[in-house]
Amino acid sequence: MEYNGRESDHLMLITPERVFYAGLLGRPRKRTPGCCHVYVAVKGNLHLTIDDVLATGELFVTLPNQRHSIASDYRTVISVTLEPESMPDGVIEALAARLTGPDQAAYARKILAAYALLRQRRYGDITTAEFDEMCFGEALPRRVLDPRVMRAVARIQRFSGEPVTADTCAAEAGLSASRFLHLFKEETGISFRSFRAWKRARHLLHFANQDLNLAHLAQDIGYPDSTHFSHSIRRFYGLKPRAIFVGSRDLAIYRSTETVRMAEAS
């Protein structure tokens with residue numbers, strides 16, 4: 001496990017398929033992330049708005065690409081991120097039903113206990129199964145991807161600054177571009193373009209507590225220009241890039257060994 005940051009009650013643990021975040025929300029603007037979010041209140045309540053309908057409670061689950069806004073009575077909130085391509089179809093929906101059902105309070109306590117554990121740094125490296133056990137009490141089913149799609153996913157997640165195109169991935173897979181795009185969506189449940197856009201925005205999290213030139217960072221992680229960068233981040237997170245960095249100055253960031261290995265391969 002690699003640690004990047006400073007001592008703080010605000011923390012983020014990043015693995016290739018999961019993120020555990022405890023920190024500031026920022027202003028409750030609408031966001032459309034490409035992942036599932038499990039939001040848990042640290043104190044007081046959360047306030048979730050979907051399609052202009054407001055709900056209040058201690059735990060909420062939002063599905064991938066579901067436009068919403070979230071606010072909290074307390075300045076710190078917990079958000080557990082699950083990447084949809086890592087699980088078979090229907091798993092996220094079933095988990096959401098369990099977490100928001102009669103045992104909601106027990107699941108909220110479980111995730112708060114995981115936060116307490118992470119604050120004490122009582123863990124070594126962590127696998128996806130161990131992460132799920134820590135947060136939900138069980139390892140969630142894993143999706144097994146076609147090796148050709150797995151290679152494309154790995155290429156997208158290297159973030160070398162070089163544009164990753166469907167044509168490049170298709171050629172590597174020995175397929176036509178149209179057949180590759182069909183296979184990619186069939187295997188992951190997500191279009192190639194949407195997957196690439198979300199993973200690029202997700203990669204920003206690794207640098208959130210650093211003092212960086214944002215224009216240079218945008219170029220380094222594959223955005224064609226600063227305008228595209230700003231619009232994409234606001235769509236996914238509901239915040240401007242600068243606001244994310246300002247709100248993350250005291251954020252302690254931890255990365256799993258697998259996450260570090262993927263970054264070093266770029």
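Numbers for the structure displayed
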| item | result |
| --- | --- |
| Whole-number accessible area per residue in Å² for the range 47-188, which is evaluated in the context of all protein chains at 1.4 Å | 50 Å² |
| Ranked by how many other beta carbons lie within 10 Å on average, peptides 31-37, 208-214, 242-248 from highest | 31-37, 242-248, 208-214 |
| Carbon/sulfur fraction of accessible area - the range 1-133, other protein chains in place, 1.4 Å, % | 49 percent |
| Approximate spin-label separation Ala177-Arg121, in nm, with each point projected 7 Å along Cα-to-Cβ | 4.8 nm |
| Value at 222 nm in deg cm²/dmol, rounded to 500, when DSSP H runs of n ≥ 4 in the chain each add -39,500 (n - 2.57) | -12000 deg cm²/dmol |
| Gain on full stretching of the segment that runs from Lys240 to Thr168 - 0.36 nm per residue minus C-alpha separation | 22.8 nm |
| Sparsely packed chymotrypsin sites (Phe, Trp or Tyr not before Pro) within the range 58-150, loop by DSSP, other Cβ within 10 Å at most 12 | Tyr74 |
| For the range 122-266: rounded, prolate or oblate by the Cα gyration tensor [a/c cutoff 1.5] | oblate |
| Of all DSSP beta bridges in the chain, antiparallel share, percent nearest 5 | 90 percent |
| Distance between modelled label sites at Ala113 and Arg155, nm, 7 Å Cα→Cβ extension | 4.4 nm |
| Prolate/oblate/rounded label for the range 12-150 (Cα gyration tensor, a/c 1.5) | oblate |
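The values are calculated or read from the model by the stated rules, or taken from the named source; none is laboratory data. The shown structure was predicted, so the numbers you read here are calculated from the model rather than taken from an experiment. Cβ sites come from the backbone with ideal geometry, for glycine too, and all protein chains shown count toward neighbours. Accessible surface areas use protein heavy atoms only, side chains included; no ligands, DNA or RNA. Shrake-Rupley method; radii C 1.70, N 1.55, O 1.52, S 1.80 Å.
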